[in-house]
Amino acid sequence: MTAADKRLVLAHWWLSFALFVCALFLGFWQFWFRSPIPPGFGTPTQYYISVTAHGTIIAFAFTTLFAMGFGYAVTALTTGAALRWRTGAWQAFALACIGLALLLVAIVSGRATVLYTFYPPLVASFAFYLGLTLLVVGSWFWVAHTIASFYAWKGAHRGQTTPLGLFMVTATAMLWLWASIGAALELLFQLIPLSLGWTDRIDVGLARTLFSWTLHAIVYFWLLPAYIALYLIVPEEAGGRLYSDPMGRLAFVLFLVFGVPVGLHHLFMDPEHGTAFKFVQGVFTVFVSLPTLLTVFSICASLEIAGRLRGGRGSLGWVTTLPWGRPAMLATGLAAIMLGLGGLGGLINMSYALNSAVHNTAWITAHFHLIFAGTVVILYFAIAYHLWPTLTGRSLHSVRSVRVQLVTWCVGMLLLTLPWHVTGIMGQPRRMAFFDYTDAVLAPTAWLTTLSLLGGTLVLISGLHFLWNLSLARSSEMQQVDVRFARPAVSNAHVPSALNGFALWNWLTAAAMVAVYGWPIAQFFIYPSFGAAGISVGGPP
Amino acid sequence: MASTTGGASSGAMDAKIIREERRWTLVMVGVGIAMTFFIAATSLIFMSHPPSNVERIDPDRIHVSGEFIEANLGTELGAGGTAVVRAVSRIFNFDPSCLIVPVGTLVTFRMTGPDVIHGVMIPTTNFNTMIVPGYVSKVTTRFDRPGVYRMPCHEYCGLGHHGMWAEIRVVEPKDWPFDKARVRCDRG
Amino acid sequence: MTTAAHPVSLARVFAWSVLAMLVISFVFGAAVLPLRPTDGQFRSWWDAICRAVGVPLDERTQARRTSSAVVNAFVWSAETERRIRRANLQNGRDVFESCSPCHNSQNRAADPNVPNIDGMSARVMLKQLYDYATGIRGTELMQPIAQGLTEQDAIDLAAFIAALPRQDLPASINTTSSTDPGNPSYRLVYFGDPRRGIAPCASCHGPDGVVPDAPPIHGLSSEYAQKQLDDFAKGERSNDLYSAMRAISRQLTANERSDLARYFGEPR
C-alpha cells in the first residue's frame, strides 16, 4: 500500500473510532438514566437527543466510515496497486464530514430528536436530513470507486479469476448501494420536502416501507466487513489456508439476494400491509441465515486445516492447537459465542408468529446490540489491530493488552445484553427515557437492568481501552510489510464465471425486489392514504 | 492473488472440497426449508400471525365523525361472545386510558391515531401492534387470565413517549358493567 | 482441473429455486394463511386474498362499525393554515380592541381569572373560539363574544394574537439548563409520571417541545390555570381532544394541581 492510500484509510478510521467512543459515552449514560439507579443529572428530553445521536452515529457514521476505510485498504492490498481517483476519495470524505457536522449540530440543538429511524410524521430540521444525505452521497463515491476498481482489474486481467478480497469488498459496496436506495428515496421525496415546507403532509405507510428497505439490508452492510476478516485474515492468522474461495464468494452474493428483499419483517406488526408480502419476506428472512451458515462451515474448515497443520489430532483435537492468543483468533472465538447467542435471538425474531411477543420490546434492542455491537464490532477491532502495523508502520505495544480489551468487550457485551433480552420478554418497552420500577410489570426487570448497567460499564471501559491500544502503538524497526491475506487451500481452483462477476446476482436481487417490494410500494400510489401532517420535534422549525 | 502452485492432488482435493460444500449447502437449505415449514404450519394451526387488515382513514377527522369519535370509544360487547374495543392513541395518551375486557372472549381491538406513529402492547399477552396515522389497526386476541395489565406505547412518538402508559382490566363476566353501550374505566 | 461440479446450471438451479420460493410463499401467504384469520371471521376467499395482499377495505363494510353521530368539531387543515398565513393583521388588531379590556396583558391589575393570551398559537386560539361559539366549551361570557365573530375575523384575530410577543417565560422554565430541581413541580414538568401515564408537561407545552394542539401556557395566570386544571379533572371542561388534559388532571392530586398552576401561572 502506498503512503497516500494509508493516509486515506487512517483518516476514515480515526474519525470512525472517535465518533464510536463518543457514542459509547452516550449509550452508557442512556442506560444509566433508565436504570433503577439513575445518575441524577439530565432530563428525558436530553435522553431522546442522546438516543438520536447514539443511533445516528453508530448506524450511519461509525459503520459507514469504517467500511469505507477498510474497503479502500482491501482494494489497494488485493489489486497490489495504488488507489485511483484519490482526489475524489478525499473530496467524498470531506463531503461526508460536512454532512456529519450538519447532522450533529442539528441533533444537539434539539431540533432533530427523531431517532436514527426518523419516523415521520415527526419532522426534524432540514439540516439533519441534508447532513445525512451528504454523508450517504459521500459513501456512494466509495461505492463507485470500488465497483470501478473491480471492473478495471477485470478489464486489465481478462479471463482471470478476480482476487477474493476485491470481489468481497465489491459485493459489500453493491450491498450498500442496494440498501441505501430505500432511505434515499424517503429522504429526497418525502422528508426533505416536508422539512422545507414544500409539502405539509406525508404518507406515513410509504415512508415506513421505504425505510424498512434500508433498515434490514444495512445490517448486512455492517456484517460483511467482519466476514471479510473471517475469510481473509483469520485463516492466515491461524497459520492455515482458506478452505474454499468460491464458497466465500457465494456467501457474499447470497447476502445480496437474501439480505435486501427482507425489510418488511420490520413491519410485521404494521397495519398498512397484509400477510401475503409479510410472509414472503419472512421466508426470505429465513434464508438469509444461509450465507452465515455457509461461512461458519468454511471458517471452521479453514481453522481445522490450521489446527491440523499445527499438530492437532482427532476429530476435535485441532481446536486446542489453534493460536488463540493471537488477536484475530481470539476475536473470532469470542465472536462465535456472541454469534451463537445472537443468532438464536435472530431465529426468534424472524419467526412469523412469535413476532408479537418481542416486537418493540427491549428484546429487540438487546438482540441487535449483541449481534452487532458484540459479534461484528469485536471483529472490527480485530481488523483494526491486524491492519494497524501496515497502515501506521507501528506495531501494537502489547498483545496482552489487546487480548484483555477483546475479552472485556465480550464479557461486557454478554453482561449487557443477556439480561436485557430477558427484560424484553418480561415486557419492558423500547425507547422509553426512564421507568417507574414500582410499576408491577417493571419491578421484576429492575435487577436485570442493573446487571446490564454493569455490563455497559465494562463495555465503555473496553471501548476506551481499544483507542488506547491503537494510540500506544509504537514505531518498530521491523520492515514495512503489507498484511497478507489468506490463500485458498487449492490455489488455482476453478471459480465459475457466475462467481467472478455480479451480473446474475444483481439481476436476481432486482427481480426479487420488484417481486416483494413492488406491490407494497406501488399500493401507496394506487390506493393513496390521507397522509398525516408533519409534526416538528422540539418546537416549530 | 492466486498463486500457481499446482499439484496432481490439487484436483482431487478440489473435488473433495466441492463435494463437502455441496453436502453442507444441501443440509443447510434443508434446515431452512424445515424452519419455513415449521413457521408456516404453526401460523396456520394456531391462527397466530401478524395483523393483515388494511383500512385507510383520515387522521384529521377521526374526532369529527365515524367510528373513532370520543363517544364511541371503549369496549362494545358483540353477538356470540365477542367484543370490540375501540381506542385512539395520541401524543401522549391512549383514550380510553383504562380499558375493560371480558375474560375468555374473542376481543377485536380497533385503534387509530390523529398524529404520529405509536405502538401498543400488553406484556404477557400476544397483543402487539403499530398504530400508523392514516390507517386503522385491527388485532384480535383472547385474554385467558383475569387481572390488571399495563398497556404501554412502545414506539417513539416524541419527547413524552415514556409517559404513555394505559391500563387494561380483564374481568369475569359477573363483574362486567353491563349497563353501558361503551365500557371504559377511566371516568368516574 | 475444471470440474463439472460448479457448472452454470447450478446458477440456473439457484435462480429457479428463488423463483419457486417467491411463488410458493406468496401463494401461502396470500391464499392459505388467510383461511385461518385471527379474528375467526372468514368471509370469502376473494375477500381473504384481497386483505392479505393489502387492498384497502371497502368503505361500505366499514360503515357498519361506525357511529352515526357527527360531532360539531373544529378541524385544523392545510387550508386553514394558509388562511392564517395570509391573514389581515390590521383587521385582527381592530377586532382585538374589544378583547383587550379583559385580556390586557400590560395591566397587571386585570382580572386574574382571565388568561393572558399574548402569543397564543393560532391553531389553539381558533379551536377555542370555535368551541366557545358552538358551546363545546362553555363560559357564558365567551360564548356570545365568539359567536359574534365572523370566520375571517376569527382568523385575523388569531393571527394577530399569535404575533404578539409572548411574555418572558418564568425564570425557572426558561431553558432546560436553568431548571430548579428544588421546585415541587419540577419532576412533573420535566419528567412526568409514567406510573400514572402522565407525560412531562414540557414535552407538549414547551420549552422542550411544542405539540400542535397544546397551547403555550407559561405566564397564563395562576388562577386561570388552577381553574382549568380543576375543570379538566372534574370533566367540566372537555374540549381537549381525546381527553389529553382530562386524563392527566384526573390523576393529579389537588396539591399537585395548585403547585403546577403557580408554576405556569405567573412570570417571575
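Here, each number is a calculation from the coordinates, and none is a lab measurement. What you see is a predicted model, and the numbers here were worked out from it, not measured in a lab. FYI the Cβ positions are ideal-geometry reconstructions off the backbone, even for glycines, and counts take in every protein chain you see.
Across the range C:95-101, coupling constants 3J(HN,Hα) worked out from phi with the 6.51/-1.76/1.60 Karplus curve, θ = phi - 60°, read 5, 5, 3, 7, 8, 5, x Hz, and Gly and Pro carry x.
Over what distance in Å are the Cα centres of the range A:502-541 and the range A:241-288 separated? Each part reduced to its Cα centre gives a spacing of 17 Å.
Counting Cβ atoms of other protein chains within 10 Å of each Cβ in B:58-70 and taking the mean gives 6. Each Cα pair under 8 Å and six or more residues apart adds its separation to the average, and for the range B:19-95 the resulting relative contact order is 13 percent. Amide H contacts of A:L242 (H built 1.01 Å from N, in plane; Pro and chain starts excluded): A:R487, A:A489 sit under 5 Å, all sequence-distant by 5 or more or on other chains.
Under 5 Å from the amide H of A:L115 lie the amide H atoms of A:T52, each residue being 5 or more positions distant or on a separate chain, with H modelled from the backbone and absent for Pro and chain starts. Separation of the alpha carbons by more than 26 angstrom is noted, of B:K138/C:K127; B:K174/C:K234; A:K278/B:K138; B:K138/C:K234; A:K6/A:K154; B:K180/C:K227, for B:K138/C:K127; B:K174/C:K234; B:K138/C:K234; B:K180/C:K227.
Its convex hull of Cα atoms gives chain A a direction-averaged projected area, equal to a quarter of the hull surface, of 25.1 nm². Our coupling estimate for the range A:495-512, obtained by passing each phi through the Karplus curve with A = 6.51, B = -1.76, C = 1.60 and θ = phi - 60°, is 10, x, 4, 4, 9, 10, x, 10, 4, 4, 6, 5, 5, 4, 4, 4, 5, 4 Hz, Gly and Pro reported as x. Summary of the geometry: the range A:361-388 and the range C:199-268, compared by the centres of their Cα atoms, lie 45 Å apart. Taking square-rooted eigenvalues a ≥ b ≥ c of the alpha carbon gyration tensor, is the range A:338-417 rounded, prolate or oblate, where a/c under 1.5 means rounded and, failing that, a/b exceeding b/c means prolate? Prolate, since a/c reaches 1.5 and a/b exceeds b/c. Around the amide H of B:A166, modelled in the peptide plane, lie the amide H atoms of B:M151, B:C153, all under 5 Å away and 5 or more residues distant in sequence or on another chain. Between A:S398 and A:W90, residue separation times 0.36 nm minus the direct Cα-Cα distance comes to 107.6 nm. Here chain B is assigned +1 on the Cβ of each Lys and Arg and -1 on the Cβ of each Asp and Glu. Its dipole about the Cα centre then comes out at about 360 debye. Given R0 = 35 Å, the distance between the Cβ atoms of C:R36 and A:A440 translates into a calculated FRET efficiency of 0.55. Label-to-label distance for B:V148 and A:F525 is 5.2 nm, based on points extended 7 Å past Cα in the beta-carbon direction. Simple point charges give the picture: +1 on the Cβ of Lys and Arg, -1 on the Cβ of Asp and Glu, and for the protein assembly as shown a dipole about the Cα centre of about 2880 debye. When B:E155, C:E223 are sorted by how many other C-beta atoms sit within 10 angstrom of their C-beta, beginning with the fewest, the order is C:E223, B:E155. A simple packing score, the average count of other Cβ atoms within 10 Å per residue, orders the peptides C:30-39, A:47-56, C:208-217 as A:47-56, C:208-217, C:30-39, with the highest score first.
Per-residue shielding of B:13-26, expressed as the average number of other chain Cβ atoms within 10 Å of the residue Cβ, stands at 6.
Put in order of Cβ neighbour count within 10 Å, fewest first, the listed residues B:D179, B:D60, B:D144 become B:D179, B:D144, B:D60. Between the helical axis of A:126-156 and the longest alpha-carbon principal axis of chain A there is an angle of about 30 degrees.
Relative contact order of the range B:55-183, taken over Cα pairs closer than 8 Å and 6 or more residues apart, is 28 percent. Semi-axes of the equivalent ellipsoid for the protein assembly as shown, computed as √(5λ) from the eigenvalues of its C-alpha gyration tensor and ordered from largest down, come to 54, 32, 26 Å. Taking the fewest neighbouring Cβ atoms within 10 Å as the starting point, the ordered list for B:L26, C:L19 is B:L26, C:L19. Against the empirical 2.2 N^0.38 Å (N residues), the range A:336-474 has a Cα radius of gyration ratio of 1.22. Over the range A:161-291, all Cα pairs binned in 5 Å intervals from 0 give whole-percent P(r) values of 2, 10, 17, 17, 15, 12, 10, 7, 5, 3, 1, 0, 0, listed from short to long. Projecting the Cα atoms of A:P429, A:A532, A:H367 onto the charge dipole of the protein assembly as shown (Cβ charges, centred on the Cα centre) puts A:H367 farthest toward the positive pole.
Think of the range B:55-183 as a dipole: +1 on every Lys or Arg Cβ, -1 on every Asp or Glu Cβ, centred on the Cα centre; then among B:W176, B:A166, B:A87, B:W176 lies furthest on the positive end. Taking Lys and Arg as +1 and Asp and Glu as -1, the other residues whose beta-carbon sits under 14 Å from that of A:F31 total +3. 3J(HN,Hα) along the range A:431-448, derived from phi through the Karplus expression 6.51 cos²θ - 1.76 cosθ + 1.60 where θ = phi - 60°, amounts to 6, 8, 5, 7, 10, 9, 6, 7, 5, 4, 6, 9, 3, x, 8, 4, 5, 5 Hz, with x in place of Gly and Pro. Once both labels are positioned 7 Å from their Cα atoms along Cα-to-Cβ, the gap between A:I37 and C:R93 label points is 6.3 nm.
With a simple spin-label model that places each label point 7 Å from the Cα along the Cα-to-Cβ direction, the separation between C:V71 and B:M47 comes to 3.3 nm. Simple rule: put +1 on each Lys or Arg Cβ and -1 on each Asp or Glu Cβ in the protein assembly as shown, find the dipole, and look at C:F42, C:Q147, A:W13; the Cα lying farthest toward the positive end is A:W13. Relative contact order, percent, of chain A when contacts are C-alpha pairs under 8 Å separated by at least 6 residues? Relative contact order comes out at 20 percent. About the centre of its Cα atoms, chain A shows a dipole size close to 1180 debye [charges on the beta carbon of Lys, Arg (+1) and Asp, Glu (-1) only; nearest 20 debye]. The packing ranking, built from the mean of other Cβ atoms within 10 Å per residue, places the peptides C:149-159, B:127-137 in the order B:127-137, C:149-159, highest first. Any chance you could check the Cα centroid distance between the range A:35-90 and the range B:95-150 for me, in angstrom? The two parts, judged by their Cα centres, are 38 Å apart.
Note the angle between two axes, namely the Cα long axis of helix B:8-45 and the longest principal axis of the Cα atoms of chain B, as a number of degrees from 0 to 90, rounded to the nearest 10. Long axis of B:8-45 versus the principal axis of chain B: about 20 degrees.
Net charge in the neighbourhood of A:G501 (other residues with Cβ under 14 Å of its Cβ; Lys, Arg +1, Asp, Glu -1) is +3. Take every Cα-Cα distance within chain B, group them into 5 Å bins from 0 onward, and report for each bin the whole-number percent of pairs it holds. Going from the shortest bin to the longest, the percentages are 1, 7, 13, 15, 15, 11, 7, 5, 4, 3, 4, 4, 4, 3, 2, 2, 1, 0, 0. Per residue, the convex hull around the alpha carbon atoms of the range B:9-49 comes to 32 Å³.
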